[in-house]
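Down below is the structure, laid out as structure tokens.
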Amino acid sequence: MSPEERQLLAGLFERTRSAAGAQRDQEAESFIAEQLKSQPGAPYLLAQTVLVQDQALQAANQRLQELDSRVKELESRPQQSGGFLGGLFGGAQRQAPP
């Protein structure tokens, strides 16, 4: 395990520690405990899944922010007239973006 992986796991368990006082569904908790007894490797796989999904969500959020910035940049540019023939045949009647 790399130091980065250890840090990710430590962060994951810190989040679970901070949520330990939250109210839990007893039926769900019992079911999960039963499943863990029959699948002792499940916590390892669940931790991997959570970390991979966290990374994917962070990457998706970063991409959304980049795209949002790009949209704002493009919206802030003045509209071009379309050139010499741009106004012919209703070409200049563009609707503003929502």
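The values are calculated or read from the model by the stated rules, or taken from the named source; none is laboratory data. The model shown is predicted, which means the values in this text are computed figures rather than measured ones. Note: ideal-geometry Cβ built from the backbone for every residue, glycine included; neighbour counts use all protein chains shown. For accessibility, only protein heavy atoms count, side chains too; no ligands or nucleic acids. Shrake-Rupley method; radii C 1.70, N 1.55, O 1.52, S 1.80 Å.
Averaged over its residues, the chain has an accessible area of 93 Å² per residue, based on protein heavy atoms and a 1.4 Å probe.
The accessible surface of the chain, taken with every protein chain in place and a 1.4 Å probe, is 57 percent carbon and sulfur. Anisotropy class assigned to the chain is prolate, per the alpha carbon gyration tensor with a/c at or over the 1.5 cut-off and a/b larger than b/c.
Working from label points 7 Å from Cα in the Cα-to-Cβ sense, the Gln53 to Glu27 distance is 2.1 nm.
Here the label points at Glu75 and Glu5, each 7 Å from Cα along the C-beta direction, are separated by 4.3 nm in the simple model.
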